[in-house]
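Asker: Sharing a structure below in structure tokens format, with a few things to ask.
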Amino acid sequence: MDQRRLVFFPLPLQGHQTPMLQLASILYSKGFSISIIHTNFNSPNPANYPSFTFHSISDNLSESEASTEDLTLLLHNLNMNCLVPFSAILSEIMSEVGVACLITDVIWYFTQAVADSLDLPRIVLRTNNPSSFIAFTYLPLFREKGYLSAQGSKLDEPVPELPPLKKKDIPRIHTRFPELNDEVSRKMMETSKAARGLVFNSFEELEGSSLTLVRQHFQIPVFAVGPFQKQVQASFSSLLTEDRSCIPWLNAQQPKSVLYVSFGSIAAIDEAQFHEIAWGLAHSKQPFLWVIRPGLVRGLNGRGAPLPNGFLEMVTGRSMIVGWAPQEEVLAHPAIGGFWTHCGWNSILESICKGVPMICLPFFGDQMTNARYVTDVWRVGLRFEKGLKQEDIEKGIKRIMVEKEGKEMIQRLAVLKDNASVCIQKGGSSYQSLESLVAHILSF
Ligand code: UDP
């Protein structure tokens, strides 16, 4: 048996696949051989990882099912459809080369039973952060207490069990199938507890108290080995084509003058919100780089998002719009002074590592919790607490990009950024946690 062969099974969503492939690269650098099992849907490009072995399985999703429009339904279908092909390919790999351990996304809950039946240890990666994961573990209690049905001003009430969260920060996923939502969450938690370890792309200095809560709740070894992106050469895991023309454009802008606006790979807005954002950006008078990816605006059936009349005339010369950006490179660019984000965990961690203050516009799930941590715990961003209005957007952009408030955030970010660098160096918290993870896997 190859004691150093690891099999990874990433979830086929951008924000999950990127950190899973980064973790695979980190463990490859520690001497492990890497096999990746992946679905046809959103498959990674094997050419970008010549040292890894890739195995594709059929996810059996119909054309309409292969969509993130109803995320809960997609996750449920993937877990149902992949059981048979995944079990077959995993058994085949095990019989050919032998495997030390299976590492899957937490959301692949069906894989725990498969691993058990093959007597193979399974470790899970939670690609969201420990602070939001803890909020997910409280969902049954929050439901029982009626917090999940809070409406209107009650949404601004605190959650006493989990400060500094407010009721509106509880992770929720909008779906046509709420009963499936409960099932996916419950199975994800139950099977995580049965895993042999839980890995996070975070670090002790950033989320020490949440990691303590996770350890108490799950009672399995927990490894905080992030930030992953600082430990790998570069990410090649983009599912959409990056428009690199924004880099020469950024080169021509003043230092810290440009607001980068991107809402990740899944979040969708309606046309009214889209217009509000556009006018807020236009009236702010600040230069901006805006990612309008296909599907960002709901209900257009493949048509491009229609910018409001007169918008382009107002922003010519100080703006650029792309379909997908090389985000890490953009955030590292000296011209970037702020990041208007949907608060996906990868985006937040990338922003922290580059020291860029944030404007938060969370949409669903962990993004709600993340935004509260950005504004109230780390105090490196602001949020529109009273909805999305162009006057507030205009003021918010100025607060971040021009006023003292933004400068103070940059000072606080300098400390977090420094911690993010120190923790991965010899003797640092993530460095040690990675050593423990390697020793743990080798002990199986
Ligand atoms: N990203 C990118 N280009 C873009 C927008 C996003 O490369 O134009 C990357 C970003 O760097 C991050 C990932 O896509 O690594 C998005 O993950 P996140 O957890 O922030 O959000 P999600 O897409 O899962 O909602």
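Asker: Between region 302-323 and region 87-107, how far is it from one alpha carbon centroid to the other, in angstrom?
Answerer: Their Cα centres are 47 Å away from one another.
Asker: Let me ask another. Hey, what D do you get for region 166-235 in µm²/s if you plug the Kirkwood alpha-carbon radius into Stokes-Einstein at 37 °C and 0.692 mPa s? Numbers along the way, then the final one.
Answerer: Values: Rh = 14.4 Å.
It comes out at roughly 227 µm²/s.
Asker: Could I ask something else about it? Using only Cα atoms, what is the ratio of the radius of gyration of region 80-224 to 2.2 N^0.38 Å?
Answerer: Values: Rg = 17.4 Å, N = 145, 2.2 N^0.38 = 14.6 Å.
Its radius of gyration relative to the 2.2 N^0.38 Å reference: 1.19.
Asker: Placing one identical point scatterer on every Cα of region 216-258 and ignoring solvent, what is log10 I(q)/I(0) from the Debye formula at q = 0.17, 0.22, 0.29 Å⁻¹?
Answerer: Result of the Debye calculation: -0.79, -0.95, -0.98.
Asker: Can you tell me the length gained on complete extension of the stretch H440 to L141, counting 0.36 nm per residue apart and subtracting the Cα distance? Mind dumping the intermediate values first?
Answerer: Working: separation 299, 0.36 × 299 = 107.64 nm, distance 3.30 nm.
Full-extension gain reported as 104.3 nm.
Asker: In addition: So if I take the alpha carbon set of region 338-379, get Rg, then get Rh from the Kirkwood formula, what is the Rg over Rh ratio? Walk me through the numbers before you get to the answer.
Answerer: On the way: Rg = 8.9 Å, Rh = 9.8 Å.
Reported Rg/Rh (Cα atoms, Kirkwood Rh): 0.91.
Asker: To continue, here is another question. Only Lys, Arg, Asp and Glu count, each charged at its Cβ (+1, +1, -1, -1), so figure out the dipole size of the chain about its Cα centre, rounded to 20 debye. Intermediate values should be presented prior to the final figure.
Answerer: Numbers: 40 positive and 43 negative charges, 209 e Å.
Computed about the Cα centre, the dipole is about 1000 debye.
Asker: Determine by what factor the alpha-carbon radius of gyration of region 44-121 differs from 2.2 N^0.38 Å, reporting the quotient. Mind showing how you got there, number by number?
Answerer: Numbers: Rg = 13.8 Å, N = 78, 2.2 N^0.38 = 11.5 Å.
Output field value: 1.20.
Asker: Moving to a separate point now. Quick one: accessible area per residue over region 131-201, 1.4 Å probe, rounded to a whole number of Å²? Numbers along the way, then the final one.
Answerer: On the way: 3450 Å² over 71 residues.
For region 131-201, the per-residue accessible area is 49 Å².
Asker: Compute the normalised compactness of the chain: alpha-carbon radius of gyration over 2.2 N^0.38 Å, N being the residue count. Please report the intermediate quantities before stating the final value.
Answerer: Working: Rg = 21.5 Å, N = 444, 2.2 N^0.38 = 22.3 Å.
Relative to the 2.2 N^0.38 Å estimate, the chain comes out at 0.96.
Asker: To the nearest 0.05, how large is the calculated FRET efficiency for K230 and E405 if R₀ is 30 Å and r is the Cβ-Cβ distance?
Answerer: 0.65
Asker: To continue, here is another question. In the chain, carbon and sulfur make up what percent of the accessible area (probe 1.4 Å)?
Answerer: Values: 9320 of 18030 Å².
The value for the chain is 52 percent carbon and sulfur by accessible area.
Asker: Still on this structure, I have one more. Taking 0.36 nm per intervening residue step and subtracting the Cα-Cα distance, what contour gain separates S245 from Q219 on full extension? Don't skip to the answer; put the middle values down first.
Answerer: Details: separation 26, 0.36 × 26 = 9.36 nm, distance 4.80 nm.
Extending this stretch completely gives an extra 4.6 nm.
Asker: Calculate, in whole percent, how much of the Cα-Cα pair population of region 300-374 lies beyond 19 Å. Please report the intermediate quantities before stating the final value.
Answerer: Details: 1385 of 2775 pairs.
Of the Cα pairs, 50 percent sit more than 19 Å apart.
Asker: First measure r as the distance between the Cβ atoms of H283 and E183, then evaluate 1/(1 + (r/R0)^6) with R0 = 56 Å and state the FRET efficiency to the nearest 0.05.
Answerer: Working: r = 45 Å, r/R0 = 0.80.
The value I calculate is 0.80.
Asker: Express the accessible area of region 247-391 per residue in Å², computed with a 1.4 Å probe while the remaining protein chains stay in the model. Intermediate results must be reported in sequence, preceding the final value.
Answerer: Details: 5140 Å² over 145 residues.
Dividing the accessible area of region 247-391 by its residue count gives 35 Å².
Asker: While we're here: I'd like the accessible area for W340, computed on protein heavy atoms only with a 1.4 Å probe and all protein chains in place. Round to 10 Å², please.
Answerer: My reading of the accessible area for W340 is about 0 Å².
Asker: Another question about this same structure. Using alpha carbon centroids, what distance separates region 207-245 and region 156-196, in Å?
Answerer: Region 207-245 and region 156-196 have Cα centres separated by 20 Å.
Asker: Now for a separate question. Treat region 107-186 as a sphere of radius equal to its Kirkwood radius over Cα pairs and apply Stokes-Einstein at 20 °C in a medium of 1.002 mPa s; give the translational diffusion coefficient in µm²/s, rounded to a whole number. Intermediate results must be reported in sequence, preceding the final value.
Answerer: Details: Rh = 14.6 Å.
Estimated via Stokes-Einstein, D reaches 147 µm²/s.
Asker: Taking 0.36 nm per intervening residue step and subtracting the Cα-Cα distance, what contour gain separates E391 from S91 on full extension? Walk me through the intermediate numbers first.
Answerer: Working: separation 300, 0.36 × 300 = 108.00 nm, distance 5.82 nm.
Computed gain between E391 and S91 is 102.2 nm.
Asker: Further question: In 5 Å bins starting at zero, report the fraction of Cα pairs in region 360-428 per bin as a rounded %.
Answerer: 3, 15, 20, 21, 18, 11, 6, 3, 2, 0
Asker: Over the Cα atoms of region 1-99, what is the Rg over Rh ratio if Rh follows Kirkwood?
Answerer: Numbers: Rg = 13.9 Å, Rh = 14.2 Å.
Radius of gyration relative to Kirkwood radius: 0.98.
The values are calculated or read from the model by the stated rules, or taken from the named source; none is laboratory data. The structure displayed is predicted, hence computed values, not measured ones. All Cβ positions, glycine included, derive from the backbone under ideal geometry; neighbour counts span all protein chains shown. Protein only, heavy atoms only, side chains kept; ligands, DNA and RNA dropped before computing areas. Shrake-Rupley method; radii C 1.70, N 1.55, O 1.52, S 1.80 Å.
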